[in-house]
Amino acid sequence: MSSRGAGGEKGVGRGSVDGTGGKEGIGKEGACRLRIGSWNIGTLTGKSIELVKILQKRKVNISCVQETRWAGSKARNADGYKLWYSRVVRGKNGVGNLVDRDLRESVVEVRRVNEVVRSIPPIERLFIGGDFNGHIGSAAGSCGEVHGGFGLGDRNGGGTSLLDFAKAFELVIANSTFSKRDKHLVTFQSSAVKTQIDYLLLRRCDRGLCKDCKVILGETLATQHRLLVMDIDIMMKRQKRYARGRPRIRWGALTEDKAQDLEGRLSTMGAWRSSGDASTMWSTTANYVREAAREVLGISKGFSGRHQGDWWWNDVVQSKV
């Protein structure tokens with residue numbers, strides 16, 4: 001994942017997403033639809049919360065942002081997203097990448113360098129997004145292998161440089177490969193100008209993965225630049241996430257035989273014969289259940305999946321209560 005800022009600043013670095021991670025809670029391989037975005041936001045100061053809300057609403061999983069104007073090379077949490085940003089001088093340019101809650105734990109490497117494309121192995125997926133300050137024009141011309149033929153306006157020097165860059169690294173410009181109305185091609189609009197200067201690129205061999213690429217209308221976080229997104233279908237092996245916590249009862253080990261053993265122990269302990277008000281009765285019974293379950297089912301070593309709390313509250317328990 002790479003991002004390019006205005007004025008020629010290129011890249012926040014390489015952020016590799018592990019293909020064996022993916023969205024949590026699903027333990028088998030399958031197709032995953034990712035939405036990747038790029039947006040020149042003018043400044044990130046005072047906008048981070050609103051930016052994240054927009055990305056969540058528009059279901060953007062990964063987004064390049066330009067003109068952050070934040071100094072330093074750091075990472076921070078942003079309401080569920082993880083933000084990696086980079087810039088040397090405060091108040092000037094700056095780029096960053098945001099990764100959503102489900103994918104952030106699958107990032108295996110972040111390297112903040114100025115030129116990164118050449119070092120990425122051909123077998124890895126590569127997505128580049130940013131404000132390139134160039135017009136690639138409406139016609140592909142002699143650049144049909146990188147320009148899909150659906151651009152805007154006339155080509156200029158900056159656009160030619162971008163096309164040459166795409167040729168050199170066997171990339172294709174995603175937002176030139178889908179027929180769209182002009183309003184879904186325009187990435188920059190001022191009072192007098194409507195043009196296309198923001199782009200998303202991917203490897204030419206991965207062109208079939210890109211199912212759509214367009215400008216999202218109606219978001220006013222940046223007054224002139226618009227949010228550009230592309231939808232990617234990618235195969236990912238998804239794994240359940242585990243976290244170390246306090247030791248827990250091994251409720252997953254509950255079998256029919258152990259359930260009978262558990263019920264016998266609870267009867268012997270008098271779990272169903274508690275007295276007092278409803279709160280006291282429930283507290284006493286719940287403690288008996290936990291105590292008996294520790295003896296019958298055992299205790300885990302402190303690793304837990306997505307389950308939170310006890311899940312023995314089934315029909316049998318409810319009928320007993």
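The values are calculated or read from the model by the stated rules, or taken from the named source; none is laboratory data. Note that the structure is predicted; figures quoted are calculated from it, not measured. Reconstructed Cβ throughout: ideal geometry from the backbone, glycine too, with neighbour counts over all protein chains shown. For accessibility, only protein heavy atoms count, side chains too; no ligands or nucleic acids. Shrake-Rupley method; radii C 1.70, N 1.55, O 1.52, S 1.80 Å.
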| message | Quick check on my filter: what residues within the stretch 70-84 are open to solvent by 20 Å² or more (accessible area, probe 1.4 Å) and either modelled with pLDDT of 90 or more or on the phi < 0 side of the Ramachandran plot (or both)? | response | W70, A71, S73, K74, A75, R76, N77, K82, W84
| note | Across the stretch 208-230, the tally of residues that are open to solvent by 40 Å² or more (accessible area, probe 1.4 Å) and either under 23 Å from G158 (Cα atoms) or β-branched (V, I, T) (or both) stands at 5
| Among the residues of the stretch 254-269, is any part of a loop (DSSP other than H, G, I, E, B), exposed (fewer than 14 other Cβ atoms within 10 Å of the Cβ) and modelled with pLDDT under 80? | no
| remark: Given (1) in contact with a helix residue (DSSP H, G or I) (Cβ under 7 Å, 6 or more places away or on another chain); (2) part of a strand (DSSP E or B), I128 misses just (1)
| query | Mind checking whether some residue in the stretch 127-139 is touching a strand residue (DSSP E or B) at 6+ places or on another chain (Cβ under 9 Å), at pLDDT below 90 and open to solvent by less than 50 Å² (accessible area, probe 1.4 Å)? | reply | no
| said: Can you report the number of residues in the stretch 279-298 which are open to solvent by 80 Å² or more (accessible area, probe 1.4 Å) and not acidic (D, E)? | reply: 4
| request: Could you list all residues from the stretch 44-64 that are open to solvent by 30 Å² or more (accessible area, probe 1.4 Å) and either among the charged types (D, E, K, R) or closer than 18 Å to G129 by Cα (or both)? | output: K47, E50, K53, K57, R58, K59
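Listed here are the residues, each with its yes/no results for (1) closer than 30 Å to G134 by Cα; (2) outside any loop (DSSP other than H, G, I, E, B); (3) at pLDDT below 80; (4) touching a strand residue (DSSP E or B) at 6+ places or on another chain (Cβ under 7 Å).
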position: T223; (1), (2), (3), (4): yes, no, no, no
position: L228; (1), (2), (3), (4): yes, yes, no, yes
position: D233; (1), (2), (3), (4): yes, yes, no, yes
position: A271; (1), (2), (3), (4): no, no, yes, no
position: T285; (1), (2), (3), (4): no, yes, no, no
position: R294; (1), (2), (3), (4): no, yes, no, yes
position: W312; (1), (2), (3), (4): no, no, yes, no
position: Q318; (1), (2), (3), (4): no, yes, yes, no
| query | Looking at G149, G153, G157, which is the one that is out of contact with any Ser or Thr (no Cβ under 8 Å at 6 or more places or on another chain) and open to solvent by less than 70 Å² (accessible area, probe 1.4 Å)? | reply | G157
